[in-house]
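Below: the structure, in C-alpha cells.
The values are calculated or read from the model by the stated rules, or taken from the named source; none is laboratory data. Keep in mind that this is a model prediction, so the values were computed, not measured. A quick note on method: Cβ atoms are made from the backbone with ideal geometry, for glycine too, and the neighbour counts reach across all protein chains shown.
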Amino acid sequence: MLSVTAGSHAWAGEVMTFDSAGAAPGTIIVHTEERRLYLVVSRGVAVRYAVGVGRAGRQWQGTSTISGKYLKPNWEPPSDVRRDSPQLPEIIPSGSPQNPMGAAAMTIAGGLYAIHGTNKPESIGKFVSYGCIRMFNEDILDVFSRVNVGTTVIVVP
C-alpha cells in the first residue's frame, strides 16, 4: 500500500487486486456507491483512491474519456451551480479558497464534469458534488501524472 500523511489527513493510493472486467491499463473506473476511484495499472491490479461523488440526483454513469488536463485551474461555475448560488462570480481564480477544483483537474468529455482536487478535504468519501469526482489534492496529482488526454473513464453506480 502506498500511504502518506499530509497535513491533517492521511491519503492513500492502495495497490490491490481488482476485477477490471477487461479494462485496459490506464483506465479510470469510478464506483459511485463505494466512493472509490480505481486506476487500472495491469490485468487484475489497480490503485484505489477515496473520492467524493455526486449527491442524490446529481450522479451519472457511463463511459467517456479525459478531454483535458489542468494544473491549478480557475473555475467557472456551471449554470446549475450558479442557479443554486447566484452570488458566485463568473470565474473563481486558482488558489482562491472558494475555488473547489484544488491542485488539478481532468475534464471529462461530453459534459460539465471533471475529476479534480478539492479545497474541502473533509468532503472525500461522501456524496457531495454536482456530479464531479473529488479527490484529495495529493491523489489527483498522482492520477494526473499517470494518465493522458484520451484516457477512458468508466463511472458505475
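For the stretch 29-54, the tally of residues that are crowded, with 20+ Cβ neighbours inside 10 Å and either in contact with a helix residue (DSSP H, G or I) (Cβ under 7 Å, 6 or more places away or on another chain) or farther than 21 Å from GLY125 by Cβ (or both) stands at 4.
Of all residues in the stretch 86-119, those that are in contact with a Pro (Cβ under 7 Å, 6 or more places away or on another chain) and under 19 Å from ARG58 (Cβ atoms) total 6.
Of all residues in the stretch 116-136, exactly one satisfies the criterion of being surrounded by fewer than 19 Cβ atoms within 10 Å (Cβ to Cβ) and part of a strand (DSSP E or B), namely PHE127.
Only one entry in GLY95, GLY57, GLY117 is more than 16 Å from the chain's Cα centre (by Cα) and closer than 30 Å to ASP19 by Cβ, namely GLY57. With respect to the stated conditions, TYR38 fails to be aromatic (Phe, Trp, Tyr) and touching a Gly at 6+ places or on another chain (Cβ under 7 Å).
When the strands (runs of 3 or more DSSP E) confined to the stretch 1-115 are screened for residues that are at pLDDT below 95, those reaching at least 3 such residues are found at 2-6, 9-17. In the stretch 138-157, the residue that is nearest to PRO25 (Cα to Cα) out of those that are assigned to a helix (DSSP H, G or I) and in contact (Cβ under 8 Å) with a residue 60 or more places away in the chain is ARG146. The residue pairs whose first member lies in the stretch 64-86 and is loosely packed, with under 14 Cβ neighbours inside 10 Å, whose second member is among the hydroxyl-bearing types (Ser, Thr, Tyr), and whose beta carbons are closer than 8 Å, counting only pairs six or more residues apart or on different chains, are GLY68/THR107; ASP80/TYR130.
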